[in-house]
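Right, one structure below, let's go through it.
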Amino acid sequence: MYDGNGILIKLLVALVALCVNLPVYGQEAGTETNGDAADEESPGFVASIELKNPFLQDDLELLVGNVQRPNGFVWHDNSLYTVCNGDWTIYKIDDRTGDTITFVFGTRDGNMLLIEDTDAGFDILVPDPDNSTVWKVDQSRSAPARFTTAVEAPWGIARLDETRYLITDVRTNSIIEVSESGEKREVQSELRAPTGIARGEGKVYFANGGSARRGIEYFEINGDAEYTEVKPLVSGLQNTSNLVLGSDGKLYFAYALGTRGVVGRINPSLCHESSCSNSDVELVVFSDIPAPLAITLSDDLRLFLHSRFRPEIYWLQLPT
C-alpha cells in the first residue's frame, strides 16, 4: 500500500487529518458511542465502527460494470441501478460480479435515483435535469413514465410521506414539494445550487453544492408538512453532491478536497443543536478519483462510489 508514492499518500492523509481533525496513522480508535443512540435503533440498524484511518485508493475494490458514462446510481437487493447519460439508458449491475444488463431506455440523465419497494416489485424515480422531468420506471422495465415536470432542473429526491416527495431544483435554488396527483409548492428558497437530499426522522438534510460555507443544511417537518426555516448542519464542504442516510444512522456525503473526491460521514444528531464544521467530519474515503463523486450504500454498509461519467465503479465494506 505504501510502495512508490506511499510516503506521499501518507503525508497527504496526515495533512488532511490536521485540517479536519481526524486521527492520523498510528492512533487508536474505539467503537463509536453515540449517547442515547442505542435507544433510537430501528429494525435493520447496523452499527458502524469509528474508523482508525480513512480508506485510501488502494483499499478500494474495482467493480467492472459495462456502463461507459454512469452518473447517479442506487443500490437495491444486491444490484446497482445507474443512469448512463451517454446512451440515455438505465443499467442494472450485479453488485458482486459486475454483470450488466440494459434495464430500460429513455432517461437522458440523473444525478440521484430513488428506489422504493412496492407490492408488485419496486419503482425507481429519476430526476432528469436535462428534460426538466422526474421519470418513474418499475420492475417490468416498461418505458419511463413522466412522474412530474413541475421542477425546472431536478437534482435530488426524497420521499416525504405516502403521497408526496421533496425535490431539489439546482436551477431555481429551491426545494419543491410535489404530490403524486401533480400538486406542487416551494418549501425552501434562496439556497445555493441544492443537490443531494435525504430524509431522516422529522428532518430533511440537503447539500448546497454551490457553497462551501453553507455545505449541508437541514430543516424540520412539523405536523402536516409544515416546515421550519433552514438551519446549518455542516459547513466548510466543497462541491457536496450525493447524501445517503446509512443503516447505521449516519449521514454519508460525497464532496471534494481540491480535485480529489472524498466521502465523509457524521452522526447528524450531534450537529442539530450547534452546527458542525468540516473538523467534525469523519473522513471515510480519501481517494485519487476526481471529484465530483456519486455514492450509494447497501443495507450492510457496503459503500459504492465512482467519478461521474467514468466507467470504473469502486466499493468497500465499512467495518461494523
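Using the beta-carbon distance between Glu190 and Arg69 and R0 = 35 Å, what value does 1/(1 + (r/R0)^6) give for FRET efficiency, to the nearest 0.05?
Efficiency at R0 = 35 Å is approximately 0.60.
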Between Thr320 and Lys231, what length comes free when the chain is fully extended (0.36 nm per residue of separation minus the Cα-Cα distance, one decimal in nm)?
-> 29.0 nm
Connecting every pair of Cα atoms under 10 Å apart in the chain and solving the GNM, the largest mean-square fluctuation among Glu61, Glu217, Glu282 falls on Glu61
Rank Ala153, Ala143, Ala291 by mean-square fluctuation in a GNM of the chain with C-alpha springs under 10 angstrom and give only the top-ranked residue.
-> Ala143
Added length on full extension, which subtracts the Cα-Cα distance from 0.36 nm per residue, Asp77 to Asp299 | 79.0 nm
For the chain, list log₁₀ I(q)/I(0) at each q in 0.14 Å⁻¹, using the Debye formula over Cα point scatterers of equal strength and ignoring solvent, two decimals each.
-> -1.10
Note: Thr172 to Ile101 extended length (0.36 nm per residue) minus current alpha-carbon separation gives 22.0 nm
Go ahead and run the numbers for FRET between Ala145 and Ile49, Cβ-Cβ distance against an R0 of 56 Å, rounding to 0.05.
-> 0.85
Using all Cα-Cα distances in the range 152-226, what percent lands in each 5 angstrom bin from 0 up to the longest?
-> 3, 17, 30, 27, 16, 5, 1, 0
Calculated from backbone phi, Karplus (6.51, -1.76, 1.60) coupling profile of the range 256-273 in Hz, x at Gly/Pro | 10, 10, x, 9, 7, x, 10, 10, x, 8, 9, 8, x, 5, 6, 10, 6, 6
Give me the distance in nm between label points sitting 7 Å out from Cα along the Cα-to-Cβ direction at Arg159 and Asn222, one decimal.
-> 2.6 nm
P(r) of the range 199-320 over all Cα-Cα pairs, 5 Å bins starting at 0, rounded to whole percent, reads 2, 11, 22, 23, 20, 13, 6, 3, 1
Whichever lysines have a C-alpha closer than 22 Å to that of Lys250, once near sequence neighbours (fewer than 8 apart) are set aside | Lys52, Lys203, Lys231
For the pair Glu116 and Thr259, the simple spin-label estimate (label points 7 Å beyond Cα toward Cβ) gives in nm 4.1 nm
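Every read-out reported here was derived from the displayed coordinates using simple, explicitly stated rules and does not represent laboratory data. What you are looking at is a predicted structure, and each value in this text was computed from that prediction instead of being measured. Glycine also receives a Cβ, built like all others from the backbone with ideal geometry; neighbour counts cover every protein chain displayed.
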